[in-house]
Amino acid sequence: MPGRRVEAWVLLGLLLGGCDPAKERELAAVRAELTAASALIEERGQQIESLTAELAQARADRAACELYRAPPPVTGDPPALRRGAMPAPGSEATPTLTPTCADGTCALRRSEVEAFMAAPEAMARLARVLPAVEDGKPVGFKLFAIRSQSPLALLGFKNGDLVRTVAGTEVHDMDAVLRAYSQLGTLDRWTITGTRKGAPFEVTIVVQ
C-alpha cells in the first residue's frame with residue numbers, strides 16, 4: 001500500500017506540474033496561435049500607418065491643386081503672388097530656394113519665394129506631411145521624407161518635426177494651412193513654430 005500511495009502522489013505531481021503530454025501540446029498550440037495573432041496585428045498596424053500616410057499626402061496634394069486652380073483675387077496681392085497664378089512661359093523648371101540662415105532666422109530672395117508661391121504643386125513635393133494628434137485632437141502636421149539639401153532642409157527643418165503654427169496661425173487642419181498660406185504672399189517676415197523631439201523650435205523667414 002505505501003508503494004502505491006507514493007506512485008499516486010508522483011503521478012498527481014506530474015499532472016499538476018504540467019508534464020501531461022496532451023496539455024503540453026494544447027499549450028504549444030495556444031502559444032502558436034498567439035504568436036500568429038501578434039504578427040498579424042503588427043502587420044495590420046503597419047498597413048494602417050502606411051495608408052494613413054498616403055491619405056495625408058493625397059489630401060495635401062489635393063489642397064495644393066485646389067490652391068493652384070483657384071481664381072486670382074480681384075484686388076490685393078501682386079500678380080506674381082496671386083493664388084492660382086500660372087507660371088510664366090519658360091519657367092517650367094522646379095523652383096528652388098537658397099536661404100541664408102543664422103540663429104534660427106533665414107533670409108530668402110523675394111523672387112524665389114514668388115516662384116514657389118506660384119507653384120504650389122512643387123511645395124507639395126517638399127516633404128511627406130502627416131496630421132498629428134494629441135489627446136484625440138489635431139495639433140498640427142509632422143514632416144517626413146525631407147531630403148538633404150532640399151529647401152526644407154536648408155531652412156533648418158528635420159524629419160519628424162511637428163509644425164504647430166505658421167505666421168501666427170495654428171495649422172491644425174488643411175483649412176488652417178490654406179489660410180496661413182494665403183497670408184504669406186503679403187508678409188515680409190513670418191515665423192513657423194513647432195516641436196522637435198519633445199522640445200519647442202521655431203524658424204523665422206525674412207523675405208528680402
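The values are calculated or read from the model by the stated rules, or taken from the named source; none is laboratory data. Treat the numbers as computed from the prediction; the structure is a model and nothing was measured. Please note: Cβ atoms are built from the backbone with ideal geometry, for glycine as well, and neighbour counts cover all protein chains shown.
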All conditions in (1) surrounded by fewer than 18 Cβ atoms within 10 Å (Cβ to Cβ); (2) at pLDDT 65 or above; (3) touching a helix residue (DSSP H, G or I) at 6+ places or on another chain (Cβ under 8 Å) are true of Gly84 except (2)
For the stretch 115-137, how many residues are modelled with pLDDT under 85 and under 18 Å from Arg179 (Cα atoms)? 8
Give me a count of the residues in the stretch 22-77 that are of a type in the set (A, V, I, L, M, F, W, C), at pLDDT 70 or above and within 30 Å of Ala118 (Cα to Cα). 2
Matching residues, the stretch 166-196, being out of contact with any helix residue (DSSP H, G or I) (no Cβ under 8 Å at 6 or more places or on another chain) and within 22 Å of Gln208 (Cα to Cα): Gly168, Ala180, Ser182, Gln183, Leu187, Asp188, Arg189, Thr191, Ile192, Thr193
Scan of the stretch 185-205 for residues that are closer than 21 Å to Arg109 by Cβ and surrounded by fewer than 18 Cβ atoms within 10 Å (Cβ to Cβ), ordered by number: Thr186, Leu187, Asp188, Arg189, Thr191, Thr204
For residues in the stretch 157-184 being touching a Gly at 6+ places or on another chain (Cβ under 9 Å) and of a type outside the set (A, V, I, L, M, F, W, C), which is modelled with the lowest pLDDT? Gln183
Being of a type in the set (D, E, K, R), within 14 Å of the chain's Cα centre (by Cα) and assigned to a strand (DSSP E or B) is the filter here, so list the residues in the stretch 119-140 that pass it. Arg128, Glu134
Considering the stretch 167-208 alone, what residues qualify as being of a type in the set (Val, Ile, Thr) and over 16 Å from Phe116 (Cα atoms)? Thr169, Val171, Thr191, Ile192, Thr193, Thr195, Val203, Thr204
